[in-house]
1. Binned at 10 Å from 0, what are the whole-percent values of the Cα-Cα distance distribution for segment A:188-335, short to long?
2. Return the sequence-ordered ³J(HN,Hα) values of segment A:237-251 in whole Hz as given by the Karplus equation 6.51 cos²θ - 1.76 cosθ + 1.60 applied to θ = phi - 60°, using x for Gly and Pro.
3. Could you give each residue of segment A:73-82 its phi-based ³J(HN,Hα) in whole Hz, using Karplus coefficients 6.51, -1.76, 1.60 with θ = phi - 60°, and x for Gly or Pro?
4. If I model a spin label at B:Gln92 and B:Arg72 as a point 7 Å from the Cα along the Cα→Cβ vector, what separation in nanometres do I get?
5. Nearest 500 deg cm²/dmol is fine: what mean residue ellipticity at 222 nm does chain B get from its DSSP H runs of n ≥ 4 alone, each adding -39,500 (n - 2.57), divided by its residue count?
6. Using a 1.4 Å probe over the heavy atoms of the protein chains, calculate the carbon and sulfur portion of the accessible area of segment A:188-335 as a whole percent.
7. Rounded if a/c is under 1.5, else prolate if a/b beats b/c, else oblate: with a ≥ b ≥ c from the C-alpha gyration tensor eigenvalues square-rooted, which is segment A:116-274?
8. More than 35 Å apart: what percent of Cα pairs in the protein assembly as shown qualify?
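The values are calculated or read from the model by the stated rules, or taken from the named source; none is laboratory data. What you are looking at is a predicted structure, and each value in this text was computed from that prediction instead of being measured. Note: ideal-geometry Cβ built from the backbone for every residue, glycine included; neighbour counts use all protein chains shown. Only protein heavy atoms, including side chains, enter the accessible area calculation; ligands, DNA and RNA are left aside. Shrake-Rupley method; radii C 1.70, N 1.55, O 1.52, S 1.80 Å.
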Amino acid sequence: MTQPLIEIRSAPHVQGPKSVETIMRHVVYSLLPICAFYVFQYGISALASILVVTAACLFAERYFVRTGTQAGRLSDYSAVITGLLLALTLPPGFPLWMGAVAGLVAIALGKALFGGIGFNVFNPALVGRAFVQAAFPTAIATYTPSFLAGRFTEFIPSSLAWPLMIPADAAIWLKAKNLDALAGATPLAKWKFDGVLANAGDLLTSLSGNMAVGPAPVLILVCGAYLALRRFMDWRIPLAIIGSAALTAWLLYAFDGVRYPNPFFMLFSGGLILGAVYMATDMATSPVTPKGMWVYGALIGLLTVVIRYYSGLPEGVMYAILIANAASPLIERITQPVPFGRGVLDRAKKRATYPLNPGYISREEASAVTPKKRFLPKKPKK
Amino acid sequence: MNPSAADTWDEFMEGVWRQNPTFVMILGMCPTLAVTVSVVNALSMGISTMLVLIASCGLVSMMRNITPKEVRIAVYIVIIATFVTVVDYAIQAISLALYDALGAFIQLIVVNCIILGRAEAHAAKNPPLPAMINAAGMGIGFTIGLLALGVVREILGAGTLFGVALFGAGFQPWVIMVLPPGGFFVLGAWLLFFSWLERRKLRRQQAKLVEATQNA
């Protein structure tokens, strides 16, 4: 027996040091401060909501992985991310049983149906939210103000509704706390239905009391920046979304400053920042080509502003991201990078020189190997 | 039981189970998705379709030897349309509310592919009695399909069954279940369930076969 001289292996030959599990774990770490702030805003109702929704997601994930319906493992943290994000997009006083339904639907319809992690077409958390939005339209539009006194000792009454039963009316509970019903409306709903514009500075930190807002956009941006700096997330998508939403909103504001709110209000109200940083950047549902990421992000930003301004709904981030998710394979197709050695018109370039770092190899990948610079031999002129 | 009775039973059960129009052949999806918001609607739609199916299959079968091949589809359509008109007026006379709830879908039974399919594939080749038995099986199968969707959608979408409240006054209706997406979700869930049953049956048969060969 002689030893083989050539070792034959199949691709991939270059492997990054990051595994799915590492990336997902770091996303969970970066979500923890946001969840903590959310609990600080809304008290034990928010805590219970986060726990129940995440537990429902994990339960569904475990069931479908066990029965062999979907790929992946429970320990890859992806279901935890789905659960945390889903809980953050629901109102804090959302009935817990509806939260559980949302979690189960998110994993079953959004993920298991397509074959598990990496195969899903739509962001699972948003699938779950879209389902409960269509099933329970009143409950999902019922917000309560943040920083209420006694929020750490008392549940928001609607949280504890019996399964399958209508939750208690939040307006009565708010009246007992000497707050008017308008305090429970989100800034976007207030602007849309009552014409009241919130101050963008207040929205940015979410700290000026008794507003019905989600976690502070500035905190989400900081946590997102951590992920982007560690290269666990592509910075192009959030930047494209925020840029395109700001541009669209600014153009409309410049066109008619009375009818349309200022762009800062558009950016920091509702779930735009959370959606841009955490939902739209889901690796399985966004394009992988750098150009495609810009197109995808721009589409989300534009659609969000259009839905907010011209539809019956106050908030449009969810539908914008779901539509862009559906479009992302198409976007990927039309933004394919030019193959090495080919011109834009799909012909071999004459006298081509190539940069050391071609655009299609992500410069951020520490261990990625770039092809060596090569010159094509000149053809003799006739 | 003589062999012809076994054959007749087989003929009947083909539509109810093995070739169920809703869950196996996936035919007649328009009424399946559109009128299954409540059990009463689903049941009346299923029964009307079944009546039209039995009657028109019987007549098509009786006329199979005198129908010229070139115009057979037109003949089928005229026959089916006749019976649909009868059913249409009958439902209008029995309950106007039900007639309004079912809307155009009663008239659309004319173009229901289950009926035309049965007329072309079975009734035109068989004597009247087997044709009508087969049609009855198909009709019952279709009614079962509609009921399966209607039960789930009415319980979740309104908290009632046959109009009787199941959960008391405080029930939170799932609005999505009475909307078109709910129809698709419930249909998908039932299809999953039936394909799971079918696969389980197949697995068990294979296991039995393997056991038998090992014993031999």
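1. P(r) for segment A:188-335, in whole percents per bin: 12, 42, 34, 11, 1.
2. So the Karplus estimates, Gly and Pro as x, are 5, x, 5, 5, 5, 5, x, 6, 5, 5, 5, 4, 5, 5, 4 Hz.
3. With coefficients 6.51, -1.76 and 1.60, one gets 10, 5, 7, 8, 6, 5, 5, 5, 4, 3 Hz.
4. 3.3
5. Calculated mean residue ellipticity at 222 nm is -23500 deg cm²/dmol.
6. Roughly 70 percent of what the probe reaches on segment A:188-335 is carbon or sulfur.
7. Because a/c hits 1.5 or more and a/b fails to exceed b/c, segment A:116-274 counts as oblate.
8. Above the 35 Å cut-off, the protein assembly as shown has 55 percent of its Cα pairs.
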